Amino acid sequence: MKNYEILTEKSCCFTGYRPSKFPFSLEDGNSEYTDFENSLTNTILSLADNNCRTFYTGMAMGFDIIAAETVILLKKSRNFSPTLELVCAVPFKGQENCFPDDWKERYNRILENCDKKIILSDSYFGGCYFKRNHYMVDKSDYVLTWFDGKRGGTMETLNYAAKKGREVINLYRSPQLTLF
């Protein structure tokens, strides 16, 4: 009798900076941004090739939206793509209302192309972003980030992920950086 490995489907959530916290511009044509996009795409492909099928985004401007757009592009371009799932974990209704128009358009395109939309609250409240981040980490095996040590929500989410025993994949490369 042959031994067959049963592959359990995995999930991953994204956490990272808003545009202003990145040390480079999030615009096409910027070589640092291009390197970041390539690293993000290759990491998501690697996770997918290792049976990670569900990806959670918190839909914030910056890392969350860019990562969600990457999953959507991969879903459209890869043979396994129908099995990838993008879940939008929206912290509250109207999250996008304060976004600049270009980010609002990207946000709405993602919602039109995602597989599931989960709205965690009808309105904003203090702590709603932490609730959203904890929800995503609790649902995930992996946490994919670009984190260079700045204090804030990304650091808090990564600390929570470490407490929960999640594997953190950091696209920022620095031998001096201690995450937690």
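Nothing in this text is a laboratory measurement; each read-out follows from the coordinates by a stated rule. Source: prediction; values computed, not measured. Positions of Cβ are generated from backbone atoms using ideal geometry, with glycine treated the same way; all protein chains shown enter the neighbour counts.
Those residues that are farther than 14 Å from M59 by Cα and aromatic (F, W, Y), I need them from region 106-152; list them, please.
Y124, F125, Y142, W146, F147
Given the conditions (1) out of contact with any Leu (no Cβ under 8 Å at 6 or more places or on another chain); (2) surrounded by fewer than 18 Cβ atoms within 10 Å (Cβ to Cβ); (3) among the hydrophobic types (A, V, I, L, M, F, W, C), which single one is not true for L26?
(2)
So that you can scan it fast, the table gives a plain yes or no per residue for (1) β-branched (V, I, T); (2) outside any helix (DSSP H, G or I); (3) within 17 Å of the chain's Cα centre (by Cα):
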{"residue": "S11", "(1), (2), (3)": "no, yes, yes"}
{"residue": "F14", "(1), (2), (3)": "no, yes, yes"}
{"residue": "P23", "(1), (2), (3)": "no, yes, no"}
{"residue": "D28", "(1), (2), (3)": "no, yes, no"}
{"residue": "Y33", "(1), (2), (3)": "no, no, yes"}
{"residue": "S39", "(1), (2), (3)": "no, no, yes"}
{"residue": "N42", "(1), (2), (3)": "no, no, yes"}
{"residue": "T54", "(1), (2), (3)": "yes, yes, yes"}
{"residue": "A60", "(1), (2), (3)": "no, yes, yes"}
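Can you pull out every residue in region 82-132 that is touching a helix residue (DSSP H, G or I) at 6+ places or on another chain (Cβ under 6 Å), over 18 Å from F14 (Cβ atoms) and outside any loop (DSSP other than H, G, I, E, B)?
Answer for region 82-132, where residues must be touching a helix residue (DSSP H, G or I) at 6+ places or on another chain (Cβ under 6 Å), over 18 Å from F14 (Cβ atoms) and outside any loop (DSSP other than H, G, I, E, B): just K104.
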